[in-house]
Amino acid sequence: MRNIILDCDPGHDDAIAILLAGSNPEINLLGVTVVAGNQTLEKTANNALKVVQWLGLDVPVIKGCPGPMVRKQMIADDIHGETGLDGHDFGEIKIKLQEDHAVNFIIDTILNSKEKITVVTCGPMTNLAMALRLQPKIKENIEEIVLMGGAYTFGNVSPAAEFNIIADAEAAYVCFTAGLPITMMGLDVTRKVQVLPEVVERMDKISNKAAEMFVNLMKFFNKSQKEVFGWDGGPLHDPLTVAYLIDPSVVTLKKMNTRIDIRSTDSYGRTNCDYFDYLGLEKNSNVAIDVDVKKYWDIIEKGIRSYND
């Protein structure tokens, strides 16, 4: 069983990552920590509460950093809407945030755990980076960092950069230079798992609360992705982190040296992945280079089916 902290910025694809992590018997979800990203912190924190409550999960939700370490804040309201999770009526929020800060929760949970913990980041890496800076000793008890972010080819915010990295490139720099095992699910693979209309129809046949949430959220997600990128199905980025933990064979990984560009202007936020080992530097990351699309959707379907109304 993997003990994980899921750090996210819900976000339509983050919501499905929570769904997967919350029901799988191979995953012990210790907490959902929240960062600003797809929307402002108040909205992403509310969204995390909405998803956890809707799915009936018994897991703490903890609000973290309201903005990046250095740069000016950016959000992705063009994709995720005014609330950050438009498309589904979650009803009144009755559960509350845990009275703590996500950075403190990450530190305390990792330091006090008898077993190593995997930290999954599905948004800007601010909370984890701040925890690593504040208490470097946590590195001794982190099994792996698994992130959705970056690309070894081209970005989705600039020609060079992916949103989660460019939103706080300094935080990503801290995490990638921490000397920890780090596995990157970048745009090169997540763009291959598009929520095409047939996928939505497939999940709609399950007819439980998890499927209802998935279908409603993905219909809005696909609409905004069509308007912005022209795709018929939006890439379901974030859940690939959790799918990998459930079944590592869902992706093909390649060891590479990855450096985060925090110095330039045009390429700020780029994950410079040395695919061909030009530089001969230490391979500090496992980078996903391919995904088994059929297996991915099978994992998503199984996760949805595991929720009983």
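Just so you know, all these numbers are worked out from the coordinates, no wet-lab data involved. No experiment lies behind these values; they were computed from the predicted model shown. Here the Cβ positions follow ideal geometry from the backbone for every residue, glycine too, while neighbour counts run over all protein chains shown.
List of remarks:
- Relative contact order (%) - region 116-215, alpha-carbon pairs under 8 angstrom, separation at least six: 29 percent
- Relative contact order (%) - criterion: Cα under 8 Å, at least six apart; region: the chain: 20 percent
- For the peptides 87-95, 26-34, the ranking by packing is 26-34, 87-95, with the highest mean count of neighbouring Cβ atoms within 10 Å listed first.
- Region 57-197, Rg to Rh (Cα coordinates; Rh as Kirkwood inverse mean 1/r): 0.98
- Added length on full extension, which subtracts the Cα-Cα distance from 0.36 nm per residue, residue 276 to residue 232: 12.6 nm
- Measuring against 27 Å, Cα to Cα, the residue pairs 205/295; 43/294; 255/294; 63/209; 223/295; 137/255 contain 43/294 as the ones spanning a longer distance.
- Dipole moment magnitude, nearest 20 debye, the chain about Cα centre, only Lys, Arg, Asp, Glu C-beta charged: 420 debye
- Pairwise alpha-carbon distances in region 39-135 exceed 15 Å for 66% of all pairs.
- Descending by average beta-carbon neighbour count within 10 Å, the peptides 226-239, 125-138 line up as 125-138, 226-239, the highest first.
- Rg/Rh (Cα only; Kirkwood hydrodynamic radius) as it applies to region 2-305: 0.93
- Helical mean residue ellipticity (222 nm; -39500 (n - 2.57) per DSSP H run of 4+; nearest 500) of the chain: -11000 deg cm²/dmol
- Placing dummy labels 7 Å off each Cα toward the beta-carbon, the span from residue 111 to residue 298 is 4.4 nm.
- With N as its number of residues, region 94-141 has a Cα radius of gyration that, divided by 2.2 N^0.38 Å, comes to 1.19.
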